[in-house]
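Working notes for the structure below.
The values are calculated or read from the model by the stated rules, or taken from the named source; none is laboratory data. All figures in this text were calculated on a predicted structure; none of them were measured in a lab. Ideal geometry is used to build each Cβ from the backbone, glycine not excepted, and the neighbour counts take in all protein chains shown.
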Amino acid sequence: MAKAALSIRLGRPGDARAVGMLVRRMTRRWILPDQPREAGLALLSRQGAAVQRRHMEEGHRFHLAWLGDTLVGVATMRDDSHLTQLFVSTRYHGHGIARRLWRRAMADAVHRAGTRRFTLNASRCAVPAYRRLGFVATGPERLSPSGVLTTPMELKRIPMRGRRA
Ligand SMILES: CC(C)(COP(=O)(O)OP(=O)(O)OC[C@H]1O[C@@H](n2cnc3c(N)ncnc32)[C@H](O)[C@@H]1OP(=O)(O)O)[C@@H](O)C(=O)NCCC(=O)NCCS
């Protein structure tokens with residue numbers, strides 16, 4: 001993959017359909033196999049275009065990675081502190097796209113809100129990647145209130161020396 005060709009920009013409501021398709025495709029392939037069936041179906045129903053659009057309108061920050069006209073990755077941040085989605089198209093795994101999306105989402109939240117602590121609920125297959133990004137588990141894998149099996153994780157940002165709080 002040519003690194004220079006990747007561009008990252010904020011999502012807008014017109015992107016909701018592409019985001020929903022990517023997220024649902026990735027969820028079916030990578031997340032559902034580890035989930036109770038009913039919870040998996042409920043999760044998919046919360047990832048469609050209408051819900052993605054509503055979240056954009058509610059102020060969730062969508063950072064979208066594009067190769068030309070093709071959406072290849074998405075990171076979504078709620079309240080400038082909770083990463084609700086991080087997905088990269090399967091054929092582009094292992095090229096650093098999630099790391100670039102995460103850096104962009106983190107920098108955006110720090111810029112907007114001075115965030116020092118980030119949280120997420122990781123699917124089983126994503127835990128190792130989140131560790132590489134600097135997250136640590138804050139508890140064991142458990143069923144969330146929505147019935148999905150995830151591991152709660154956090155990343156505490158250490159402000160650079162000399163910077164104001
Ligand atoms: C998890 C996911 C977003 C990673 O995307 P990616 O673009 O392949 O990740 P990157 O190439 O940016 O890798 C980031 C770091 O994680 C590591 N990593 C990525 N996938 C990994 C894996 N399966 N096991 C161990 N480490 C992994 C990389 O080595 C890299 O670390 P390094 O830079 O220190 O070498 C992607 O695999 C994905 O979309 N998975 C399915 C959906 C999912 O589970 N999303 C999370 C929902 S909670």
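Data table
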read-out: Condition check for residue 150: in contact with a helix residue (DSSP H, G or I) (Cβ under 9 Å, 6 or more places away or on another chain), within 15 Å of the ligand (Cβ to nearest atom) and of a type outside the set (Asp, Glu); value: yes
read-out: Members of segment 60-99 found to be β-branched (Val, Ile, Thr), touching a Phe, Trp or Tyr at 6+ places or on another chain (Cβ under 9 Å) and buried (at least 16 other Cβ atoms within 10 Å of the Cβ), listed by number; value: 72, 74, 76
read-out: Complete set of residues in segment 90-138 that are closer than 18 Å to residue 158 by Cβ, of a type in the set (Ser, Thr, Tyr) and within 14 Å of the chain's Cα centre (by Cα); value: 119, 130
read-out: Test: residue in segment 151-160 that is at pLDDT 95 or above, within 30 Å of residue 36 (Cβ to Cβ) and loosely packed, with under 12 Cβ neighbours inside 10 Å; value: no
read-out: Search result, residues across segment 121-134 that are touching a helix residue (DSSP H, G or I) at 6+ places or on another chain (Cβ under 7 Å) and near the ligand (Cβ under 7 Å from one of its atoms); value: 122, 123, 125, 129, 133
read-out: Counted residues, segment 1-49 - those being in contact with a Lys or Arg (Cβ under 8 Å, 6 or more places away or on another chain) and among the aromatic types (Phe, Trp, Tyr); value: 0
read-out: Selection count where residues are within 12 Å of residue 62 (Cα to Cα) and in contact with a strand residue (DSSP E or B) (Cβ under 6 Å, 6 or more places away or on another chain), scope segment 72-81; value: 6
read-out: Odd one out for residue 57, checked against (1) buried (at least 21 other Cβ atoms within 10 Å of the Cβ); (2) out of contact with any His (no Cβ under 6 Å at 6 or more places or on another chain); value: (1)
read-out: Where a residue in segment 80-91 is farther than 12 Å from residue 30 by Cα and among the charged types (D, E, K, R) and its partner, wherever it lies, is part of a loop (DSSP other than H, G, I, E, B) and more than 8 Å from the ligand (Cβ to nearest atom), with Cβ under 8 Å and at least six apart; value: 80/115
read-out: Members of segment 9-31 that are surrounded by fewer than 17 Cβ atoms within 10 Å (Cβ to Cβ) and either among the hydrophobic types (A, V, I, L, M, F, W, C) or part of a helix (DSSP H, G or I) (or both); value: 10, 13, 14, 17, 21, 25, 28, 29, 30
